[in-house]
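**Student:** Questions regarding the structure given below will be posed in turn.
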Amino acid sequence: MIENRPWLKLFSHFILIAGVLIVALPVWVALVGSTQSASSFADSVPLWFGDQGVQNWSHVLFHAAGSTLQIPVWHLLLNSMIMALGITFGKIAISMISAYAIVFFRFPFRSLIFWVIFITLMLPVEVRIVPTYQVIANLNMLNSYSGLILPMIASATATFLFRQCFMSMPGELVEAARIDGAGPIRFFFDILLPMSRTNIAAMFVIMFIYGWNQYLWPLIITTDDTYYTLVMSIKNMLSVPDGDIEWNNVMVTTLLAMIPPVAVVVGMQKLFVKGLVDAEK
Amino acid sequence: MSVYFPQKKLPYLLVLPQLIITAIFFLWPAGQAFKQAFYREDAFGLSQTFIGFGNFIDLFQDPLYYKSMGVTMVFSFSVAFFGIAIALWLAVMADRVIRGKMVYQTLLVWPYAVAPALAGVLWWILFDPNIGPIALFLDRIGIHWNHFLNGDQAMILVVIAATWKQISYNFLFFLAGLQAIPRSLIEAAAIDGASPFKRFWDIVFPLLSPTTFFLLVVNLVYAFFDTFGVIDTTTQGGPDGSTNTLVYKVFKDGFIGLDSGGSAAQSIVLMAIVGLMTVVQFRFIERKVQY
Amino acid sequence: MTDLVLKNIGKTYPNGYQAIPSIDLSIEEGEFIVLVGPSGCGKSTLLRMVAGLETITQGDLLIKGNRVNEKEPADRDIAMVFQNYALYPHMTVRANMAYGLKNRGVPKEERDTKVNSVATMLGLEELLDRKPNQLSGGQRQRVAMGRAMVRDPKVFLFDEPLSNLDAKLRVQMRVEIRQLQRKLATTTLYVTHDQVEAMTLADRLVVLNKGKAEQIGTPMELYNKPASTFVAAFIGSPAMNLLDAEMTEVGIKLNESLVLPLSHDYRGKMIWGIRPEHLVASDEQNGDFALQVQAVESLGAETLIHGVLVGSQQTDGSAVPLVVRLSGPHLPDIGSHLWFTAPREDWHLFDANTQQRL
């Protein structure tokens with residue numbers, strides 16, 4: 001250290017702690033709110049724990065999310081998990097093999113294909129929501145897992161990241177493998193896949209969050225609540241006819257919807273940070 | 001790298017899945033949008049009439065569209081500005097402490113994982129005009145808060161919710177950027193007699209400018225497209241269109257207003273904007289890759 | 001028996017750039033051939049063409065009499081050691097060495113036997129279960145060689161394998177590579193830009209310049225009779241002194257007042273060369289010419305004296321630089337004049353136009 005200024009360090013800690021508290025504030029409110037009875041919200045949002053915690057959580061998880069959504073949240077959790085994992089694995093698989101083709105082979109239209117993938121996939125679903133909905137409707141994919149997953153699994157970001165990662169691989173390694181008699185398929189499985197483990201894991205974190213947090217897409221293509229996902233079901237619980245929102249249930253559901261992706265980010269923080277920062281390097 | 005496998009057909013097979021998905025779910029809808037943008041559909045969706053650029057002309061004569069553009073600008077730049085400023089401040093502080101850096105990172109990084117829709121809900125609770133603790137506090141100090149009626153307050157709410165989620169992302173990049181600055185530079189400045197404050201503005205901030213610029217682009221893209229959930233769960237574009245961003249308007253006009261032609265025309269305009277931003281972003285990423 | 005034949009081999013890239021116009025080379029079984037030249041001379045390209053990593057656009061490549069131009073690298077019965085070793089980072093040393101055998105369907109017991117015997121030969125037994133990132137540079141280099149040896153190929157290819165090692169290790173590995181190659185008697189093609197490495201390792205050297213073989217021969221042939229000014233300057237350190245001169249009836253005219261007597265049929269512009277170590281210290285009466293001292297490098301066992309030729313100018317008017325290498329310590333004053341003789345048998349004469357030996 002160039003210097004030691006205790007007051008400066010103290011000040012830094014103070015700012016950071018303040019930042020952490022402000023960032024955590026809404027979650028605190030949701031957490032204590034999830035332990036209250038519905039009537040406790042009549043005057044103001046409670047700021048300390050109530051005694052209905054176990055009851056609220058078990059009701060929401062196993063019976064019904066709320067009066068407007070008569071389906072237990074574990075079912076929505078399952079749907080979210082299916083969608084998130086489907087999107088994650090689908091994205092990783094197809095972008096990895098297309099990046100492999102683009103980096104390790106020379107073929108006509110190679111860069112055209114790369115640009116098509118890149119430019120078209122940069123169009124977020126929100127931008128072209130109406131025609132995409134119509135296409136899915138034409139394909140009879142409304143209210144289905146494939147409808148939830150397939151349109152999301154093409155990914156320019158993942159393709160781009162894997163392309164970067166493959167390009168930074170020393171060419172000599174490919175040559176050594178060729179001399180060792182490894183063809184393209186064997187090279188992919190024996191060398192490339194094990195060497196990309198950290199990148200795949202980092203991609204997994206980012207794509208899982210992306211998949212889990214999908215909101216608009218499931219919202220418009222599911223009308224049957226057996227296909228509802230957790231994040232989008234919040235909308236359902238908020239749009240109650242007379243404006244009488246069951247805040248305690250909303251908060252339990254919100255927390256449940258946050259837990260899996262937050263757990264993934266915190267648990268795999270190193271990989272996540274690496275994936276995020278590397279993707280943009 | 002100049003080492004390739006000699007196979008000629010295999011690469012096509014490998015890109016095929018990606019291309020099929022792209023064609024069905026991206027190119028086809030984009031084509032549809034193009035087509036619809038030049039037609040007008042009657043109220044029952046039974047017949048379509050070709051009207052050329054009619055939808056675009058309507059669009060650019062519609063004061064609501066200009067209002068939505070303004071709303072989008074205010075919203076996006078506010079989110080980008082606050083997100084970057086707060087994250088930078090926190091990152092500088094975190095870079096200064098030696099012990100606990102990782103703990104702070106963990107405690108600041110998790111909102112990245114929260115869905116925008118949920119972020120909206122969480123902040124709504126705090127700002128609910130009747131029961132939200134912050135709203136009640138503001139009332140007590142004389143600010144009457146009701147984001148369901150007051151457009152500016154609605155905007156403030158969605159900016160807060162969207163910024164809250166984005167701070168973690170910016171923080172990580174700034175922290176990585178700060179750690180990449182050679183210590184010797186800071187030491188040299190210290191020997192030259194620069195105070196910590198001066199060192200930040202004269203040395204650290206200029207060295208972070210590529211990161212800052214990158215984050216500015218990313219944050220604008222985020223605010224443009226990924227904040228749909230925030231708006232949909234809180235204000236739904238209201239009151240009176242004061243949080244009706246361009247992306248939200250496409251959805252609203254298409255699904256609720258059932259104006260497929262107008263919505264498609266808006267989609268086309270948005271695609272052009274995304275294309276532009278993508279090129280900027282890509283240029284920037286590619287340039288960074290060079291060294 | 002000839003093992004490896006390059007017959008009129010050439011490479012032209014699709015964009016029309018001719019990297020290697022044409023090279024002919026026959027390599028005997030067990031011979032150690034070094035391809036040497038400055039960077040960009042095409043030596044690595046040539047090696048990679050032999051390996052099958054670059055396509056050959058002209059000529060024939062024969063290994064043990066079979067034309068292998070179109071064969072995959074794996075089917076050419078060659079093994080290669082790369083500059084950065086190219087060890088698979090996620091595999092243990094054992095798996096790295098066995099990978100090629102595994103892909104060829106060699107049974108596990110046989111693979112283990114082979115890996116173990118090569119590991120013993122290279123002193124790698126202790127390291128077999130480590131990953132490459134747990135090894136030092138020298139150890140990695142050894143594993144890379146082990147991987148090549150395990151396959152028992154007809155030809156070894158080395159692409160600047162020592163350039164990433166520090167100076168001391170480089171000398172040690174150089175000796176080791178030479179000993180191993182003698183022991184295994186495997187035909188070897190070795191690329192380097194380091195002329196000391198080239199001289200010490202090679203049975204025969206190929207000096208490449210701009211994709212052309214300037215000269216092929218034993219190290220001593222190249223040292224004693226360089227075929228061109230390029231070879232003369234490239235082989236030997238410090239490089240040979242090459243002076244512009246003119247051949248006249250009376251001899252080699254270095255300048256108006258300095259003529260080295262010689263009767264030769266050639267007339268006109270030429271280049272006169274003499275190695276720094278061949279100049280003999282003399283005095284004003286007997287010396288052929290004088291050197292004005294500019295810098296002295298004392299290396300203990302020998303002394304390098306850098307100076308300019310007294311009374312002579314290059315065509316552009318600048319002084320003519322000259323280096324002399326004397327054994328033992330010497331401490332002449334900067335600016336002083338030293339006299340030297342140049343024995344006739346150590347002269348090298350080159351045509352100034354073609355740069356070829358006269």
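Just so you know, all these numbers are worked out from the coordinates, no wet-lab data involved. What you see is a predicted model, and the numbers here were worked out from it, not measured in a lab. As a convention, Cβ positions derive from the backbone with ideal geometry for all residues, glycine included, and neighbour counts pool all protein chains shown.
**Student:** Which of the aspartates and glutamates could a cross-linker span from residue C:212 if the Cα-Cα distance has to be under 15 Å and same-chain partners fewer than 8 positions apart are dropped?
**Tutor:** C:24
**Student:** Same structure again: For the protein assembly as shown, give me the percentage of DSSP beta bridges that are antiparallel, rounded to the nearest 5 percent.
**Tutor:** 75 percent
**Student:** How far apart, in nm, are the 7 Å Cα→Cβ label points at residue A:201 and residue C:306?
**Tutor:** 5.3 nm
**Student:** Per the Debye formula with a single identical scatterer at each Cα and no solvent contribution, what log10 I(q)/I(0) holds for segment C:2-234 at q = 0.08 Å⁻¹?
**Tutor:** Computed log10 I(q)/I(0) values: -0.29.
**Student:** Can you give me the convex hull volume of the Cα atoms of chain B, divided per residue and expressed in Å³?
**Tutor:** It is 210 Å³ per residue.
**Student:** Name the residue from A:30, A:236, A:90 whose Cα lies farthest towards the positive end of the charge dipole of chain A, charges +1 on Cβ of Lys and Arg and -1 on Cβ of Asp and Glu.
**Tutor:** A:90
**Student:** For segment A:53-279, build the charge dipole from Cβ charges (+1 Lys, Arg; -1 Asp, Glu) around the Cα centre, then report which of A:206, A:145, A:220 sits farthest towards its positive end.
**Tutor:** A:206
**Student:** At what distance in angstrom do the alpha carbon centres of segment B:221-282 and segment A:123-177 lie from each other?
**Tutor:** 22 Å
**Student:** Taking neighbour counts of Cβ atoms within 10 Å as a proxy for exposure, in what order, fewest first, do C:277, C:72, C:126 appear?
**Tutor:** C:126, C:72, C:277
**Student:** Taking each residue in A:183-193, count the Cβ atoms of any other chain within 10 Å of its Cβ, then average. What number comes out?
**Tutor:** Whole-number average of other-chain Cβ neighbours for A:183-193 is 3.
**Student:** Could you work out the Rg to Rh ratio of segment C:160-219, with Rh taken as the Kirkwood radius (inverse of the mean 1/r over all Cα pairs)?
**Tutor:** Value, to two decimals: 0.97.
**Student:** If you don't mind, there's one more thing I want to ask. Could you check the simple spin-label distance between residue B:272 and residue C:212, using points 7 Å along Cα→Cβ, in nm with one decimal?
**Tutor:** 5.9 nm
**Student:** I need the Kirkwood Rh of segment B:26-95: take the reciprocal of the average 1/r across all distinct C-alpha pairs and report it in angstrom.
**Tutor:** For segment B:26-95, inverting the mean 1/r across all distinct Cα pairs yields 15.8 Å.
**Student:** Past 26 Å, Cα to Cα, is the threshold; run C:7/C:43; C:11/C:102; C:11/C:64 against it and keep the listed order.
**Tutor:** Over 26 Å apart, Cα to Cα: C:11/C:102.
**Student:** Run through the DSSP bridge list for segment C:55-201 and note the antiparallel percent, rounded to the nearest 5.
**Tutor:** Among the beta bridges of segment C:55-201, antiparallel pairing accounts for roughly 20 percent.
**Student:** How much space per residue, in cubic angstrom, does the convex hull of the C-alpha atoms of chain A take up?
**Tutor:** 196 Å³
**Student:** Show me the ranking of peptides A:232-240, C:116-124 by mean Cβ neighbours inside 10 Å, starting with the highest.
**Tutor:** Going from most to least packed, we get A:232-240, C:116-124.
**Student:** Based on the Cβ-Cβ distance from residue B:34 to residue B:181, what FRET efficiency comes out when R0 is 41 Å, to the nearest 0.05?
**Tutor:** 0.30
**Student:** Another question, then. Show me, for segment C:270-278, the HN-Hα J-couplings you get by feeding each phi into the Karplus relation (A = 6.51, B = -1.76, C = 1.60, θ = phi - 60°), rounded to Hz, glycine and proline as x.
**Tutor:** Computed from phi, the couplings for segment C:270-278 are 8, 10, 9, x, 8, 6, x, 7, 9 Hz.
**Student:** Using Cα centres only, tell me the gap between segment B:172-198 and segment C:268-297 in whole Å.
**Tutor:** 57 Å
**Student:** A follow-up question, please. With 10 angstrom as the radius, rank B:97, C:150, B:103 by how many other C-beta atoms surround their C-beta, starting from the fewest.
**Tutor:** In increasing order of surrounding Cβ atoms, one gets B:103, B:97, C:150.
**Student:** While we're looking at this one, here's another question. If I build a Gaussian network model for chain A, linking alpha-carbon pairs within less than 10 angstrom, which residue out of A:179, A:71, A:206 has the largest mean-square fluctuation?
**Tutor:** Comparing A:179, A:71, A:206 in the GNM, the peak value goes to A:179.
**Student:** Further, regarding this structure: Residue C:200 to residue C:353: FRET efficiency via 1/(1 + (r/R0)^6), r the Cβ-Cβ distance, R0 35 Å, to the nearest 0.05?
**Tutor:** In this case the efficiency is close to 0.55.
**Student:** Follow-up question, since we're still on this one. Indicate the helices, whole DSSP H runs only, in chain A that combine a mean Kyte-Doolittle hydropathy of 1.6 or more with a Cα extent along their long axis of 24 angstrom or more.
**Tutor:** Membrane-span-like by this criterion, though nothing is claimed about a membrane: A:6-33, A:73-104.
**Student:** Still on this structure, I have one more. With +1 on each Lys and Arg Cβ and -1 on each Asp and Glu Cβ, how big is the dipole of segment B:1-117 about its Cα centre, in debye rounded to the nearest 20?
**Tutor:** With only Lys, Arg, Asp and Glu charged at Cβ, the dipole is about 620 debye.
**Student:** Something else: Please list the non-local residues whose amide H lies under 5 Å from the amide H of residue C:248, H modeled 1.01 Å from N, same-chain partners needing a gap of 5 or more.
**Tutor:** Those qualifying (amide H under 5 Å, at least 5 residues apart or on another chain) are C:253.
**Student:** Which whole number gives the average, over all residues in B:253-264, of C-beta atoms from other chains lying within 10 Å of the residue C-beta?
**Tutor:** Average per residue, whole number: 2.
**Student:** For chain C, what is the calculated [θ] at 222 nm in deg cm²/dmol (nearest 500), taking -39500 (n - 2.57) for each run of four or more DSSP H residues and dividing by its residue count?
**Tutor:** Estimated from H runs of four or more residues: -7000 deg cm²/dmol.
**Student:** Which entries of B:165/B:249; A:91/C:131; A:235/B:165; A:270/B:252 have Cα-Cα distances beyond 28 Å here?
**Tutor:** A:91/C:131; A:270/B:252
**Student:** Charges only on Cβ, +1 for Lys and Arg, -1 for Asp and Glu: so what's the dipole of segment B:36-290 about the Cα centre, in debye to the nearest 20?
**Tutor:** For this selection, approximately 1000 debye.
**Student:** Among A:114, A:155, A:68, whose Cα lies farthest out toward the positive end of the dipole of segment A:53-279, if unit charges sit on the beta carbon of Lys, Arg (+1) and Asp, Glu (-1)?
**Tutor:** Most positive-ward Cα: A:114.
**Student:** Wrap a convex hull around the Cα atoms of segment C:241-351, take a quarter of its surface area, and give that in square nanometres.
**Tutor:** Average of the hull's projected areas for segment C:241-351 equals 7.0 nm².
**Student:** How big is the shadow of the Cα convex hull of the protein assembly as shown, averaged over all directions, in nm²?
**Tutor:** 52.7 nm²
**Student:** Now a separate question. Could you give the nm distance between label points at residue C:130 and residue B:4, where each point is 7 Å from its Cα heading toward the beta carbon?
**Tutor:** Output for this residue pair reads 3.9 nm.
**Student:** Further question on the same structure: With +1 on each Lys and Arg Cβ and -1 on each Asp and Glu Cβ, how big is the dipole of segment C:241-351 about its Cα centre, in debye rounded to the nearest 20?
**Tutor:** Here segment C:241-351 has a charge dipole of around 80 debye.
**Student:** Counting only other chains, what is the mean number of Cβ atoms within 10 angstrom of the Cβ of each residue in peptide B:104-110?
**Tutor:** Partner Cβ neighbours, averaged per residue: 6.
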